[in-house]
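K.L.:
What follows is a single structure, and I will ask about it in a moment.
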Amino acid sequence: MINQITEKKPKAFSNILLHLHPAAVSEESISFTRTFGLGGMAALLIVIQFITGILLRFYYEPFPQKAYDSILILHNNVLFGQLVRNIHHWSGVFLVLIVFLHLLRVFLTGAYQSPRQVNWIIGLILFALVIFSNFTGYLLPWDQLAYWAVTVSTSILQYIPLVGNSLREFVILGTEVNAETLIVFYTFHTAVLPILILLLMAYHFWRVRKSCGVIIPRSELPKTMVPTYPNLVYKEGVVALTLIALILVFAVFFNAPLLERANPSFSLNPTKAPWYFAGIQELLMHFHPFFAGFLIPLTLIILIAFIPFLKYEQSPTGIWFVSDKGKKSAKLSVVFAVAITIFLVLLNEYLINFEMLLSWLSPVISNGIIPLLIVLGIIWIYSKYITKKFKLSFSELVQSIFVLIITSFVVLTLINIFFRGTNMQLTFPWNL
Amino acid sequence: MKSKKKIEKPKPEKQQPIKIEPPEDKIESRRVFLKKLWMGLGILAGAEFIGAVTGFLFSGKGNSKETEAKKLIEAGRVDSFKPNSVTPFRGGRFFLARLKDGGFIAVSLRCTHLGCSINWEEDKKRFICPCHASAFSIDGDVLNPPAPKALDYYPIIIENGIVKVDVGTRKQREKFNKDQLTFA
Ligand code: HEM
Ligand code: HEM
Ligand code: FES
């Protein structure tokens, strides 16, 4: 086997990659469907963001009177200026999607359990940093879209009891989005967050090595090892080139949006939060802001962070969806989540409005506690039902509930992006 | 550590009777002390660094807020505003409303729901928010949710028949009441 490893001498480029990888990897772990290359894609997208971001910095000026003009100059006077901005825009979008899928992959193969629980937490922090990067970047063009999206999303903070107002003023440095907001967002976007992401990413990779590579099904032991070069390196190359090609196609055909210059006196109709916050914005249409903007998201984040630390009856199998019945119940969860979410949204929109119906109650109860109890009740009955139907083990049950909640969140996000038009009324996408 | 130290010690030959080595446990405790001292100094330096950085970051921000504090905008002569009318001052971020009884109120144009800028609808005599369709009456009270409370307002001073609005101090309120009005 040692002969096999030293057989092919890698060239300079692959040498860099080999610093991240061990000299030999198990055949099972590098099959594409094990990870779908999602972690690697996320890393590549971050590299692209660094390169294009640094290029953008040569022209961008972080001042309200100049920011918008500097983007116009970028578009009109700079060779490939628009293209570079488009690449930065689309990689930002792809990055969130890919990291989300990576999270799903890690979860559904059981790789969040010990010994990889630390990487689950590091991953979640990385996810948050990626979202913050996107959000701080969103403000920089200083057009109407940017200004109002940031205004609306930071205003959600004011519904946190006691500290809400001061927290909001702390985040945007004043009562309204202003020049100071811009320079602070800019500093976070182009210095603080990138450094944090780099450091954590290095640690994330090291932890993967420390757990002896990605999770593989236990039954597959003993492993057959193959040299990393060329087996893994070539595969990574194919994935990387495909992704780069895809992003270039997007960047050539679809321009990053740019509306009129930001105008604090006139709002857009509709004003929407950035797309990755659309799920929360849709919740805001149905729950009291304290629940939709604060309690529910925070509880979910804490629960997701705690998933690795629950007591499971056996160590992870490394098999997709744990088992056959795990897979069946997860599928049912997806179908159920899609149906029930759409049903509840329509019901709340057109038939039952708790705030109007129970107007003698405080909105916190009528539009917060009551609908929340209804949703929790549905989840509880559903989990009783599938546990009985499929005779689920605990890890399979956790998986089904996770799939249920994540799918609902995705459906809410899609409804808000594609089916909410003027005055945030429900419409069809072609009427937007 | 201890055993290593013993092995590495140079063979004492002639000096042996002169040099008095402190006993091992004394050396050990001195070592522990020095270690703690270094650690303490390190923590102190770290705290100073964090303090300095925090000071650096926050001292500048407060000042610019203070300069904003009292900022009077002259809106115009009292008699130039008809009763039951609304005049936009978009630059000052407020609408100057004169109610039927002649009282003035300067309502902020920031919607209390999520902060969009409201517009005045003259035919329906109400403010409407373009973002999520909250509506407010001429005095800033909520006519239509999701906005949870009345529009903020700015204090008004009337001197020599001139209406002045203090846009430095924005006041929050749950509901409209008469005390918030200013009369000529
Ligand atoms: C995780 C990494 C990053 C993400 C997700 C991200 C995301 C974004 C987004 C969404 C925008 C708004 C673009 C638009 O208008 O559509 C933006 C703008 C910008 N970003 Fe980044 N970015 C990242 C890293 C960086 C880095 C490392 C730099 C530079 C050091 C940078 C510099 C800039 C600049 C100068 C702009 C303003 C130009 C423009 O709006 O197009 N970014 N970024
Ligand atoms: C910037 C974002 C991220 C980057 C660049 C990244 C990168 C990677 C890479 C390259 C791997 C190696 C295996 C693979 O490709 O799947 C990996 C594994 C892993 N990641 Fe991430 N990741 C990110 C975010 C996350 C998130 C959001 C989570 C979960 C909350 C997470 C949890 C994990 C775990 C637990 C492993 C080990 C998987 C296993 O052993 O099978 N990562 N990550
Ligand atoms: S911001 Fe005015 S209704 Fe939502």
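K.L.:
Name the residues whose placed amide hydrogens come within less than 5 Å of the amide hydrogen of residue B:126, ignoring near sequence neighbours (fewer than 5 apart) on the same chain.
P.N.:
B:121
K.L.:
Now, a different point. Could you tell me how far the Cα centroid of segment A:39-57 sits from the Cα centroid of segment B:129-184, in Å?
P.N.:
Between the Cα centre of segment B:129-184 and that of segment A:39-57, the gap is 47 Å.
K.L.:
Additional query: Can you give the charge dipole size of the protein assembly as shown about its Cα centre, rounded to the nearest 20 debye, using +1 on the beta carbon of Lys and Arg and -1 on the beta carbon of Asp and Glu? Spell out each step's value before the answer.
P.N.:
Values: 62 positive and 40 negative charges, 461 e Å.
In total the dipole reaches around 2220 debye.
K.L.:
Under the Karplus relation 6.51 cos²θ - 1.76 cosθ + 1.60, θ = phi - 60°, what is the ordered set of whole-Hz ³J(HN,Hα) values for segment A:304-317, x standing for Gly and Pro?
P.N.:
Coupling constants for segment A:304-317: 5, 5, 8, 3, x, 9, 6, 8, 9, 6, 9, 6, x, 7 Hz.
K.L.:
So if I place +1 on the C-beta of Lys and Arg and -1 on the C-beta of Asp and Glu, and nothing else carries charge, what would the dipole magnitude of segment A:272-432 be about its Cα centre? I want it in debye, nearest 20. Could the numbers behind the result be given before it?
P.N.:
Details: 11 positive and 6 negative charges, 110 e Å.
I would put it at about 520 debye.
K.L.:
Suppose the chain between residue A:57 and residue A:298 were pulled fully straight at 0.36 nm per residue; how much longer would it get relative to their current alpha carbon spacing?
P.N.:
That pair, residue A:57 and residue A:298, stretches by 83.4 nm at full extension.
K.L.:
How many nm separate the modelled label positions at residue B:101 and residue A:206, each set 7 Å beyond the Cα in the direction of the Cβ?
P.N.:
With each label placed 7 Å out from Cα toward Cβ, I get 7.0 nm.
K.L.:
Using a Förster distance of 25 Å, how high is the FRET efficiency between residue A:430 and residue A:252, based on the Cβ-Cβ distance and rounded to 0.05? Don't jump to the answer; show the numbers that get you there.
P.N.:
Numbers: r = 25 Å, r/R0 = 0.99.
After rounding to 0.05, the efficiency reads 0.50.
K.L.:
Further question on the same structure: What nm value, rounded to one decimal, do you get for the distance between residue A:324 and residue B:33 when each label is placed 7 Å out toward the C-beta?
P.N.:
So the two model labels end up 7.4 nm from each other.
K.L.:
Computed FRET efficiency, Cβ-Cβ of residue B:82 and residue A:165, R0 30 Å: what is it to the nearest 0.05?
P.N.:
Values: r = 35 Å, r/R0 = 1.18.
Efficiency for this residue pair is about 0.25.
K.L.:
Still on this structure, I have one more. Hey, what's the per residue convex hull volume over the C-alpha atoms of segment A:27-260, in cubic angstrom? Let's see the in-between values first.
P.N.:
Numbers: hull volume 32.3 nm³, N = 234.
Value for segment A:27-260: 138 Å³ per residue.
K.L.:
Could you derive backbone 3J(HN,Hα) for segment A:367-378 from the dihedral phi with the Karplus parameters 6.51, -1.76 and 1.60 (θ = phi - 60°), listing whole Hz in sequence and x where the residue is Gly or Pro?
P.N.:
Calculated HN-Hα couplings, in order: 10, x, 5, 5, x, 5, 4, 4, 5, 4, x, 4 Hz.
K.L.:
State the cysteines of the protein assembly as shown left without a partner when partners are defined as other cysteines whose beta carbon lies under 4.7 Å away.
P.N.:
Unpaired cysteines in the protein assembly as shown: A:212.
K.L.:
Grab the Cα-Cα distance for residue B:72 and residue B:124, subtract it from 0.36 nm times how many residues apart they are, and report the gain in nm with one decimal.
P.N.:
Taking residue B:72 through residue B:124 to full extension adds about 15.7 nm, to one decimal.
K.L.:
To continue, here is another question. Taking 0.36 nm per intervening residue step and subtracting the Cα-Cα distance, what contour gain separates residue A:351 from residue A:313 on full extension?
P.N.:
Numbers: separation 38, 0.36 × 38 = 13.68 nm, distance 4.41 nm.
Gain in length upon complete extension: 9.3 nm.
K.L.:
Could I ask something else about it? For a quick check: with amide H placed at 1.01 Å from N, whose amide H comes under 5 Å from residue B:143's, ignoring anything fewer than 5 positions away on the same chain?
P.N.:
So residue B:143 has HN proximity to B:135, B:136, B:137.
K.L.:
Which value in nm describes the separation of the simple spin-label points at residue A:198 and residue A:359, placed 7 Å from the Cα toward the beta carbon?
P.N.:
Inter-label distance under the simple model: 5.9 nm.
K.L.:
Evaluate peptide A:270-277: per residue, the Cβ atoms of other protein chains within 10 Å of its Cβ; return the mean as an integer.
P.N.:
Values: counts 5, 9, 1, 1, 0, 0, 0, 0.
Mean shielding by partner chains, rounded to a whole number: 2.
K.L.:
Can you give the helix-only mean residue ellipticity at 222 nm for chain A, where every DSSP H stretch with n ≥ 4 adds -39500 (n - 2.57) and the sum goes over all residues, rounded to the nearest 500 deg cm²/dmol? Can you show the working numbers first?
P.N.:
Working: 18 runs with 269 residues, N = 432.
Value at 222 nm, helices only, nearest 500: -20500 deg cm²/dmol.
K.L.:
If we count other beta carbons within 10 Å of each Cβ, what is the order of A:150, A:208, fewest first? Walk me through the numbers on the way to the answer.
P.N.:
Working: A:150 25, A:208 17.
Least crowded to most crowded, the residues run A:208, A:150.
K.L.:
Can you put A:403, A:364 in order of Cβ neighbours within 10 angstrom, beginning with the fewest? Mind showing how you got there, number by number?
P.N.:
Details: A:403 23, A:364 13.
Exposure proxy ranking, most exposed first: A:364, A:403.
K.L.:
5 Å is the cut-off here: which amide hydrogens, built 1.01 Å from N in the peptide plane, fall below it relative to residue B:71, excluding neighbours closer than 5 in sequence?
P.N.:
Under 5 Å from the amide H of residue B:71 lie the amide H atoms of B:167, B:168, B:169, each far enough along the sequence or on another chain.
K.L.:
Inside 10 Å of the C-beta atoms of B:113-122, what's the mean count of C-beta atoms belonging to other chains? Mind showing how you got there, number by number?
P.N.:
On the way: counts 6, 16, 16, 10, 10, 1, 4, 0, 0, 0.
Mean shielding by partner chains, rounded to a whole number: 6.
K.L.:
Still on this structure, I have one more. Order by neighbour count: B:21, A:176, fewest other Cβ atoms within 10 Å first, most last.
P.N.:
B:21, A:176
K.L.:
Do any of A:327/A:391; A:272/B:125; A:210/B:36; A:327/A:384; B:100/B:178 go past 24 Å between their Cα atoms, and which?
P.N.:
Details: A:327/A:391 13 Å; A:272/B:125 27 Å; A:210/B:36 33 Å; A:327/A:384 17 Å; B:100/B:178 12 Å.
Listed pairs above 24 Å: A:272/B:125; A:210/B:36.
K.L.:
Among the DSSP beta bridges whose two residues both lie in the protein assembly as shown, what percent are antiparallel, rounded to the nearest 5? Working shown, then result.
P.N.:
On the way: 36 of 36 bridges.
Given both bridge residues lie in the protein assembly as shown, the antiparallel proportion sits at roughly 100 percent.
Every number in this text was worked out from the coordinates using simple rules, so none of it is lab data. This structure is a prediction, so every number in the text was calculated from the model and none was measured. Every residue, glycine as well, gets a Cβ built from its backbone with ideal geometry; the counts of neighbours run over all protein chains shown.
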